[in-house]
Structures are given as structure tokens and as C-alpha cells.
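Every number here is computed from the coordinates shown, using simple stated rules; none is lab data. It should be emphasised that the depicted structure is a prediction, and the values quoted were computed from it without experimental measurement. FYI the Cβ positions are ideal-geometry reconstructions off the backbone, even for glycines, and counts take in every protein chain you see.
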Amino acid sequence: MPSFDIVSKINMQEMDNAINITAREITTRYDLKDQGCNINFNKNDKQIIAEAANEMALKAMSDILQNRSINRGISIKVFDFGIIENATGMSVRQTIKLKEGITKENAKQINAYIKNLKLKVQSQIQGEQLRVTGKKIDDLQSIMAEIKKGPFDIHLEFVNFKK
């Protein structure tokens, strides 16, 4: 029986590349060069710490990060922007957490969304992923298309498509 899995994973190497490109662009951009901008990536905690002299520079840094992530094939839905807080001196800091994995609430929401499509498929929650099975490959492909258009606030990928 044909099936596929729905997962939410981040390619950490591509994320690291996007952050390195962002850091390089920050050092060469005229408006950010003397603003004390700094961006660090902690792979273990899956969070990015951005520091700048003011909120405008911090906003510009986050825009650059989002653009570079899109260029590297990473959805901007993986970013969870924290509040902007004061750091040492006059600088500001923002912690950006990376959302990876499907929570139980999101899995239930996706499961209900699939059932409301009224196609002849079954979906079941398996830890941090959902397995969708059906008799027709066309039904599975239409489920994929509908989920891509769906109202979900997390990044979703389709893996292990089996015929």
C-alpha cells in the first residue's frame, strides 16, 4: 500500500551555511558595518543569538537571515523569534529558536485536516512524524498538495514515499 511520512526537520548544515553567509554580509554592508552586529549559532541548543547596537540593525539582520535561509532552501517557518532584550551597554539582543519536530498538538491538527479532506487515506501519529497511507498514489499526492497549502505554522516535509 502506498504511503509517505510527514516530518519537520531542518538541514543543520544548510542552516549553518545561511548563518555564515549572513555574518559575512553583515560585515560588508555599509549600514551594518559599524553597528556592532554579531550573530552566533548554537547547534546543540538549536538557537541563534543576534546582537546589534539598535533595534533597526537587529531587524535588518533578521531580514538578511530570512532571505539567506530561503536561498538555501530553508523555510522561514522554522524560526521562532524571541523578544528583543537589552544586552550589555546600549546594544540589544534577540534569541531565535529553531522549531524542529511535530508536536502532539500539531500532529492532531494535521491529522484532523487530512480527515476533513474526505479522501480514502489513513493517517497515524508516530512520535514526531505522521504516516499517511492510501490505496491510490493520486490521493496521496493530493494530500501532499493540500498540506502544503494548509494553515500550519510549522515547516513540513514529505519523506519515505513508498509505492
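Sequence-ordered 3J(HN,Hα) estimates for region 3-9 from the Karplus curve with 6.51, -1.76 and 1.60 and θ = phi - 60° stand at 7, 8, 10, 9, 10, 10, 10 Hz, glycine and proline given as x.
The smallest convex shape that holds all Cα atoms of region 8-80, its convex hull, gives 83 Å³ per residue. Hey, if you put +1 on the Cβ of every Lys and Arg and -1 on every Asp and Glu Cβ in the chain, which of 152, 98, 22 ends up farthest toward the positive end of that dipole? Result: 152, furthest along the dipole toward the positive end. When the pairs 33/99; 46/104; 43/77; 43/149 are compared against a 28 Å limit on Cα-Cα distance, 33/99; 43/149 fall above it. Look at 95, 88, 22 and count the other Cβ atoms within 10 Å of each Cβ; fewest to most, that gives 88, 95, 22.
The modelled label-to-label distance for the pair residue 144/residue 42, using points 7 Å beyond Cα in the direction of Cβ, is 3.7 nm.
In a fully extended conformation the segment linking residue 137 and residue 85 would gain 13.8 nm over its present Cα-Cα distance, using 0.36 nm per residue. Going by neighbour counts of Cβ atoms within 10 Å, the residues 146, 51 line up, fewest first, as 146, 51. Near residue 21: Cβ cut-off under 11 Å, other residues only, Lys/Arg at +1 and Asp/Glu at -1. The net charge is 0. At q = 0.10, 0.17, 0.19, 0.21 Å⁻¹, what log₁₀ I(q)/I(0) does region 30-126 have when each alpha carbon counts as one equal point scatterer in the Debye sum? Log-scaled intensity ratios, in q order: -0.41, -0.81, -0.92, -1.05. In the chain, taking the dipole from charged Cβ atoms about the Cα centre, the farthest positive-side position among 54, 83, 6 is held by 6. Residues whose amide H lies under 5 Å from that of residue 79, counting only those 5 or more places away or on a different chain, are 99; hydrogens are built 1.01 Å from N in the peptide plane. Of the listed values [x] 39, 15, 12; [y] 22, 20, 15; [z] 30, 22, 13, grab the one calculated as semi-axes √(5λ) of the Cα gyration tensor in Å from the structure here. Given [x] 39, 15, 12; [y] 22, 20, 15; [z] 30, 22, 13, the structure-derived one carries the label [x].
Using the Karplus relation 6.51 cos²θ - 1.76 cosθ + 1.60 with θ = phi - 60°, the per-residue 3J(HN,Hα) values for region 80-88 come to 10, 6, x, 6, 7, 10, 6, 10, 5 Hz, with x marking Gly and Pro.
Working note: Karplus 6.51/-1.76/1.60 with θ = phi - 60° gives region 132-142 the couplings 10, 10, x, 7, 10, 5, 4, 5, 5, 5, 5 Hz, where Gly and Pro are set to x.
When a footprinting reagent is the concern and you count Cβ atoms within 10 Å, what order do 140, 98, 119, 65 take, fewest first?
119, 98, 140, 65
Between residue 30 and residue 54, residue separation times 0.36 nm minus the direct Cα-Cα distance comes to 7.1 nm.
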